[in-house]
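Here the structure is laid out as structure tokens; the discussion comes afterwards.
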Amino acid sequence: MNIKDLIADSHLAFLNQENEKALELARQAIKLEKENPDAYKCAGNAYMSLGQHGEAIRNYKLAVRHDPDNGNRYYDLGFALAADEKLADALKNLARAEEMGCIPENLVQLYSLLGVICFDIGRYDDALINLNKAEQLTGVNLDILQRKAIIYGIQDDIRKGLMTANQIKLVAPSEYIGYKIAFQLLVQSKRLDAAQKELERAEKYVQLGMDFYFDRMTLELERYQTDSDKTHFDKALKIIQEALRSVKPSVQEAADSYINAAEIYLQLEKPQKTIECLHAAHAPVDAYNNGFQIQESELTEPQPLTDDDIEEMIEADRERIEATYGEYGLEELAEEIEPDEEGNRYYFTEIDDEPWEEAPVFKLEEADTYEPENMDQINRLFIGAYTLTGEFERVAEYSKVLQASDNLQNSYIGRYTEANALKELSAPDWRAKYAEAARYFEAM
């Protein structure tokens, strides 16, 4: 096969997601013509799809070397560098691609990618410029609008953020995302009554999921920050319970619900309920399907009715009937309805004696690969709960687990809380543990 056929076949295999075949054909093309930039591009594309970013970068660099005046080569290299989280090098190559010019489809992605990278490294003004350029080429785009709204929130430009949220509502009128962004911006600006109205608007116009209920919970917690009224915690717990009954949650959403409840119970200094919720978060499928209750129902003994109560109920019912149907009441009104040809008045709905089928109860499906995304948060909450109960052996146990965290701050918290627990237990090596935690903190 000649070089053109190999490159064409490699590109076709890549489009058909036959990545190993695409790579083999690209290698054959490179052997035939070691200075052909398209052959290296084909190899780079295949390596990207195979998740081998390092090899993709090496091949894209060779494509640039053999075709240095082509902006599309720099775009490919910049994209691969961004995927490999080499953001500074990615930015340089993408800027070079913009300077030299790209094909239209690459240019759209280039500006979007520049916007994302600038966002990730905190250059928010540059991010907005590039996102606006991408928007000019593509028209209104939901992903771009969301990114812009987040930037406006970070810059504390609430007005522009709310305007962008309204644009999102126009683009996606049946989705909650526009209302969610507006709600978050209003909470950020401490306009809690306006945030409440935003949730009420959402309730009228969109189908509601767990995000809506989590935002309702957030509003109660924010109100607690302003008035220190702990009844907001009870309301927040009720909202979480209502959400799990009203929405068919994902496994992660169920776990997040239990973790949120644990956070609230810890603030209420109720360690046992905190621990119960954390165990539910560890096994959310079993907890949800077995009807785990975040809040225990508060049942009260019914009070017997007095004769006066019964008389009042009868009188109230008579007044309601007369107000609705006039002075004749229900029976006289029914007699006025014209009978059918056989003299029957079938004005009541017939109800079958057969038992009605009830809707099946929603159950979460077992997720074999499920692992809580917020293990650090769960372990910190366990530490807080067992500190309240005075079970310092368990504090030390969860502190050791937290020390393995990839997050340096959480790892330090784990070391410090273990040392504190050992001190409470009068362990002989507690001073050495404090010294070890201090050395770790200095090295951070």
Once the Cβ-Cβ distance between Glu365 and Val401 is put in as r, and R0 is 25 Å, what FRET efficiency do you end up with, to the nearest 0.05? 0.35
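R0 = 60 Å: FRET efficiency of Gln28 with Gln207, Cβ-based, nearest 0.05? Spell out each step's value before the answer.
On the way: r = 53 Å, r/R0 = 0.88.
Computed FRET efficiency for Gln28 and Gln207 comes out at 0.70.
When the helices in the chain are scored as -39500 (n - 2.57) per DSSP H run of 4 or longer and the sum is shared across all residues, what 222 nm value do you end up with, to the nearest 500 deg cm²/dmol?
Working: 23 runs with 319 residues, N = 444.
Computed mean residue ellipticity for the chain: -23000 deg cm²/dmol.
What does the accessible area per residue of the stretch 1-118 come to in Å², with a 1.4 Å probe and no ligands, DNA or RNA counted?
Values: 6060 Å² over 118 residues.
Ligands and nucleic acids excluded, the figure is 51 Å² per residue.
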Quick check: the angle from helix 307-325's long axis to the longest principal axis of the chain, C-alpha only, nearest 10 degrees? 70 degrees
Net charge near Thr389 (other residues with Cβ under 14 Å of its Cβ; Lys, Arg +1; Asp, Glu -1) is -3
What residues of the stretch 249-266 lie in the reach of a label at Asp234, counting those whose backbone N is under 19 Å from a point 7 Å from the Cα along Cα→Cβ? 261-266
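If we count chymotrypsin sites (Phe, Trp or Tyr not before Pro) as exposed when they sit in a DSSP loop and have at most 13 other beta carbons within 10 Å, what is the longest stretch of the chain that avoids them all?
1-327
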Just to be sure I understand the model, the point goes 7 Å from the Cα along the line to the Cβ. What's the resulting Glu442 to Glu105 distance in nm? 5.8 nm
Return the whole-Å distance between the Cα centroid of the stretch 253-289 and the Cα centroid of the stretch 136-199. 30 Å
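Sum up the charges of everything whose Cβ sits under 15 Å from the Cβ of Ser246, counting Lys and Arg as +1 and Asp and Glu as -1, but leave Ser246 out. Each step should come with its number before you reach the end.
Working: positive: Arg216, Lys238, Arg245, Lys248; negative: Glu203, Asp211, Asp215, Glu242, Glu253.
Overall, the nearby charge balance is -1.
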For the stretch 89-95, in residue order, the Karplus 3J(HN,Hα) values (coefficients 6.51, -1.76, 1.60; θ = phi - 60°; whole Hz; Gly and Pro = x) are 5, 4, 4, 4, 6, 5, 5
Spelling out what I want: for every residue of the stretch 138-149, take phi, set θ = phi - 60°, compute 6.51 cos²θ - 1.76 cosθ + 1.60 (Karplus), and round to whole Hz; glycine and proline get x. 9, x, 5, 9, 5, 4, 5, 4, 4, 5, 5, 4
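Can you give the extra length, in nm with one decimal, that the chain gains between Ile158 and Asp69 once fully stretched, where that is 0.36 nm per residue apart less the Cα-Cα distance? Show your work: numbers first, answer last.
Values: separation 89, 0.36 × 89 = 32.04 nm, distance 4.33 nm.
That pair, Ile158 and Asp69, stretches by 27.7 nm at full extension.
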Can you give the accessible area of Arg123, probe radius 1.4 Å, in Å² rounded to 10? 110 Å²
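Quick one: net charge around Ala90, please, counting Lys, Arg +1 and Asp, Glu -1 for every other residue with C-beta under 12 Å from its C-beta. Each step should come with its number before you reach the end.
Numbers: positive: Lys86, Lys92, Arg96; negative: Asp76, Asp84, Glu85, Asp89, Asp120.
Overall, the nearby charge balance is -2.
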Glu424 label point, 7 Å along Cα→Cβ, cut-off 17 Å on backbone N: hits in the stretch 256-300? 266-276
Candidate cut points under trypsin sites (Lys or Arg not before Pro) in the stretch 192-249, DSSP loop plus at most 16 other Cβ atoms within 10 Å of their own Cβ, are Lys230
Using a 7 Å offset from the Cα along the Cα-to-Cβ direction at both Ile121 and Leu192, what is the distance between the two label points in nm, to one decimal? 4.1 nm
Give, rounded to the nearest 20 debye, the magnitude of the charge dipole that the chain has about its Cα centre when Lys and Arg contribute +1 at Cβ and Asp and Glu contribute -1 at Cβ. 4800 debye
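How much length is gained if the chain between Glu311 and Glu35 is pulled fully straight, taking 0.36 nm per residue apart and subtracting their Cα-Cα distance, in nm to one decimal?
Values: separation 276, 0.36 × 276 = 99.36 nm, distance 9.96 nm.
Residue separation times 0.36 nm, minus the Cα-Cα distance, leaves 89.4 nm.
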Can you bin the chain into rounded, prolate or oblate? Criterion: square roots of the alpha carbon gyration tensor eigenvalues sorted a ≥ b ≥ c, rounded for a/c under 1.5, prolate for a/b above b/c, oblate for the rest. oblate
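Can you pull the percent of the stretch 174-309's accessible area that's carbon plus sulfur, 1.4 Å probe, other chains left in place? Walk me through the intermediate numbers first.
Details: 3280 of 7280 Å².
In the stretch 174-309, the share of accessible area belonging to carbon and sulfur is 45 percent.
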Nearest 0.05, what FRET efficiency do Ile3 and Leu87 give at R0 = 41 Å with Cβ-Cβ as r? 0.75
Which ³J(HN,Hα) values in Hz, rounded to whole numbers, follow from the phi angles of the stretch 249-266 under the Karplus curve 6.51 cos²θ - 1.76 cosθ + 1.60, where θ = phi - 60° and Gly and Pro get x? x, 7, 4, 5, 5, 5, 4, 4, 4, 5, 5, 4, 5, 4, 4, 5, 5, 5
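The values are calculated or read from the model by the stated rules, or taken from the named source; none is laboratory data. Given the structure is predicted, the values throughout are model-derived calculations rather than measurements. Please note: Cβ atoms are built from the backbone with ideal geometry, for glycine as well, and neighbour counts cover all protein chains shown. Accessible surface areas use protein heavy atoms only, side chains included; no ligands, DNA or RNA. Shrake-Rupley method; radii C 1.70, N 1.55, O 1.52, S 1.80 Å.
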